[in-house]
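Down below is the structure, laid out as structure tokens.
The values are calculated or read from the model by the stated rules, or taken from the named source; none is laboratory data. Predicted, not measured: the structure shown is a model, and the values here were computed from it. Here the Cβ positions follow ideal geometry from the backbone for every residue, glycine too, while neighbour counts run over all protein chains shown. Only protein heavy atoms, including side chains, enter the accessible area calculation; ligands, DNA and RNA are left aside. Shrake-Rupley method; radii C 1.70, N 1.55, O 1.52, S 1.80 Å.
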Amino acid sequence: MNDTVAVALITSLSTLSAAGLAGVASAWVAGRQLRHQSALAREERAERRAVDHREMRRDVYEKFLSQADAAYRVLDNGWFALPFTELRRWEAGFAARRALDEAYIRVQLVGPDDVAERGAEVLRSIGDEFRLHARIVDGSPDAAGNAADLEPSARSGALRARVASSTEFVTVARRALGGELSATRTEPSTAPAHTSSTEAPGVWP
């Protein structure tokens with residue numbers, strides 16, 4: 001093999017080697033970019049799922065608080081209702097508690113457990129207040145006053161229970177949402193209901 005042929009072969013091999021190395025380097029860079037883009041896409045999807053889940057939780061919590069407040073308002077009407085024999089008492093109380101039960105089921109589904117537990121406390125507190133009101137009303141069927149006047153201490157205790165259970169729910173709900181909860185109402189109704197004797201239904205299913 002003469003020198004010219006040898007030089008040509010060496011040059012060709014060098015060119016091929018350089019091209020191969022460049023191809024490998026290019027493929028490595030492209031692969032790295034693709035892996036980085038894939039990782040970013042996964043992170044974005046995970047963040048989007050987390051945001052969507054947090055939004056869903058907030059909506060569920062706000063709905064539950066709204067239904068709890070609706071039940072409190074029905075109870076307020078019942079505490080100050082005259083006369084006790086109002087025919088709509090069963091319907092109003094049953095509808096309020098049924099809507100609250102349905103809202104609570106969603107709280108259980110979205111969790112977490114501590115929020116569901118505090119939601120159960122709200123349910124129990126409201127159920128206890130309905131039963132307390134019923135006891136007072138059933139025990140004084142011919143009384144001239146309303147239930148709040150008959151046993152003011154009972155109503156005061158019921159209002160304290162409202163605040164305690166609802167505040168605890170809001171506290172754990174905010175923690176679950178990372179400190180964010182802009183519910184329609186985050187505090188239970190504690191103000192007396194001012195209604196006429198012909199408009200306010202008594203309530204205790």
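Would you please give the residues with an amide H less than 5 Å from that of residue 81, counting only those at least 5 places away or on a separate chain, with H modeled from the backbone geometry?
Amide H neighbours of residue 81, under 5 Å, 5+ apart: 147.
Please sort 152-159, 168-175, 137-144 by packing, taking for each peptide the average over its residues of neighbouring beta carbons within 10 angstrom, highest first.
Numbers: 152-159: 15.9, 168-175: 19.5, 137-144: 12.1.
Final packing ranking: 168-175, 152-159, 137-144.
With a 1.4 Å probe and all protein chains kept in place, how much accessible area does residue 106 have, in Å² rounded to the nearest 10?
130
What does the accessible area per residue of region 111-173 come to in Å², with a 1.4 Å probe and no ligands, DNA or RNA counted?
Here the per-residue accessible area is 45 Å².
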